[in-house]
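Only one structure is covered here, and it is reproduced in the block below.
Derivation of every value follows stated rules applied to the coordinates shown; laboratory data play no part. Just so it is clear, the structure is predicted and the values come from calculations on it, not from any experiment. Positions of Cβ are generated from backbone atoms using ideal geometry, with glycine treated the same way; all protein chains shown enter the neighbour counts.
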Amino acid sequence: MESIISTLKKTGLLFLLPITLFAQNGFDSLANTPPKKVYPQFQFKGLFQARYSTALTEGVDLNGLHHSEGDITNNSFEVKRMRVQVRASVGDRTEVVALVNLADFKSDPKNKVLENAYIKYSFSKAVSFTLGQFRPSFGIEQTYPVDIIKSLDFSNQYYEFGKLGWTSFQTGVSMNGTFNTGHLPITYSLSVMNGNGRNQLVDSDSGKHFSSRVALALSKKYNINLGLNAGVGEVNKQPIHAYGVDLTADYKITDRLILETQLEAKKAINQNNYFSIPAEDRTTPLDQHQLRGFYILPNLRYEIKYKKLSAIEFSCRYEYLDLDYKINSNSRQTILPMLGLEFLKDYGARIQVGMQIDLYRQNIINTNKYNNNLLVFQVQSRL
C-alpha cells in the first residue's frame, strides 16, 4: 500500500484522485436528475363528427318544424362538428386553451365558431382558477366533451339551460378543485359568469350568474358519484335561480359487460320566455315562468376487443322537459335508442345509429312543438 501511495505522489496522481472521484459522483448525480421541462409546451387535439339524418314523420322537417303546406327537406348529410383544440402549458401551473368548431362556418358564424378560450392557473389540486370563455360546472354533462357521451348528442335540457346562461359556453371566472375528507373525495366548482352566451362583446346587462357544483364520490367500486348544483343571478335587475341534482353509477355484470347509468334533474326560472312577452302583455311575475326536466341514460357496454373493434354499446335515453310548466305547459318527452360501435381506444373512432322520438302533450301545427321521429347515422373520429 505504501509503495502505491509513494508511486502516486511521484506521478502527481494522488492530487488528481479526489478530483476524479468528485467528477465521477457529479456525473452520476446529473444522470439521475430528470431533464428540466421547457415551456411553452403544446398539445393539439381535434374531433370530426358527421351524420346523415332522415325525418320519418310526414310534414315535419329535419329541424322538427311542422309544415302544413309546401315541400320540406326530410333528409340530408351534415358535418356536425369539426373541432380543433390547442392547449399550451406556459409553466408548471399555467395553461391556455383554445377550441374552435370550424363546422359553424357553414351557417352564420356570428356568436359561434370560438368555443373555449381561457387561461387556467392551478395553485394545487384543491384550488385552481379559470378565466375566459368555457363551460362552467353545472350538471354532469358539463364535465365531459360531446365526443364521449353515451348518446348521439347532449340532452335537450343541456341546450335549454345553455340558453338561460347556466350551461354550455359562457364567459366569466371559476374556482374549482378536488380534495379528500377521509375516504370521500369531493370535487367543487364556484363560477361567476355573464350568462348571456358565448362570443358576446359585453354582458347584456350588469347582472351575473353565480353557480356552484359539489360532486361526491360515494363509491369507487361502482363509480357512484352524486352531484349537487345551484345558482342564483340577476337579469335586467330581476332575480333568477336554478338548481339540479345528478347521479352516475356503473355496474360490472361480467369482465366485459358493463351497465353505465346517468340520471339528472334540473329546474330553473325561464327568463327567456318571460322577456319574450311584450312588457304591456305580461300578467304574471318572472318567478312563475319556470323550466323543469330530467333524463335517465342507461348504457350497456360490451368490450369485445376484436381487432380494431373495441366495444359495442347500446343506450336508450329517456327525457322529460317542460319549458314553462306553470304558465303555458306543453311537456316534451324524448326517447333516443342508440347502437354504437367503438373502434380504437377512447372513442378514437365511432359509428352510431339512433332514432330520436319526440312526443308533445299537445301538437301545435307549423311549430317545432309537434310529434316527430328522426333517424340518424353518425360517424366520428377523435384526432
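Side notes on the structure shown:
- In this simple spin-label model, placing a label point 7 Å from the Cα along the Cα-to-Cβ direction at both LEU228 and MET355 gives a separation of 4.1 nm.
- Mean Cα-pair separation over length for the chain, i.e. relative contact order, pairs under 8 Å, 6 or more apart, %: 13
- The range 45-82: GluC sites (Glu not before Pro) in DSSP coil with no more than 14 other Cβ atoms inside 10 Å: GLU58, GLU69
- Per DSSP, loop trypsin sites (Lys or Arg not before Pro) in the range 130-237 with at most 13 further Cβ within 10 Å: LYS220, LYS221, LYS237
- Calculated mean residue ellipticity at 222 nm for the chain: -3500 deg cm²/dmol, from DSSP H runs with n ≥ 4 weighted as -39500 (n - 2.57), summed, divided by the residue count and rounded to 500.
- When the Gaussian network model of the chain links Cα atoms closer than 10 Å, the mean-square fluctuations of THR178, THR284, THR187 top out at THR284.
- Gain on full stretching of the segment that runs from ALA279 to GLN41 - 0.36 nm per residue minus C-alpha separation: 80.4 nm
- Potential extension, ASP71-PHE343 segment - 0.36 nm per residue separation minus Cα distance: 94.0 nm
- Alpha carbon centroid spacing (whole Å) that separates the range 148-175 from the range 331-383: 17
- Once the Cα atoms are used to define both axes, helix 13-31 deviates from the longest principal axis of the chain by about 10 degrees.
- Theoretical gain in end-to-end length, LEU218 to GLU58 [0.36 nm per residue, Cα-Cα removed]: 52.9 nm
- Degrees separating the helix 2-11 axis from the principal Cα axis of the chain, which is the longest one: 80
- Separation of the LEU300 and ILE148 label points, Cα + 7 Å toward Cβ, nm: 2.5
- Here the residues HIS183, HIS241, ranked from fewest to most Cβ neighbours within 10 Å of their Cβ, fall in the order HIS183, HIS241.
- Computed from the C-beta positions of HIS183 and ASP108 and an R0 of 51 Å, the FRET efficiency is 0.50 to the nearest 0.05.
- Sparsely packed loop sites in the range 248-310 (the trypsin sites (Lys or Arg not before Pro) outside DSSP H, G, I, E and B with at most 15 other Cβ atoms within 10 Å) comprise ARG256, ARG282, LYS305, LYS307, LYS308.
- Between the beta carbons of PHE123 and VAL86, assuming R0 = 22 Å, the FRET efficiency works out to 0.40 to the nearest 0.05.
- Pairwise centroid distance, computed over Cα atoms, of the range 277-313 with the range 90-117, Å: 24
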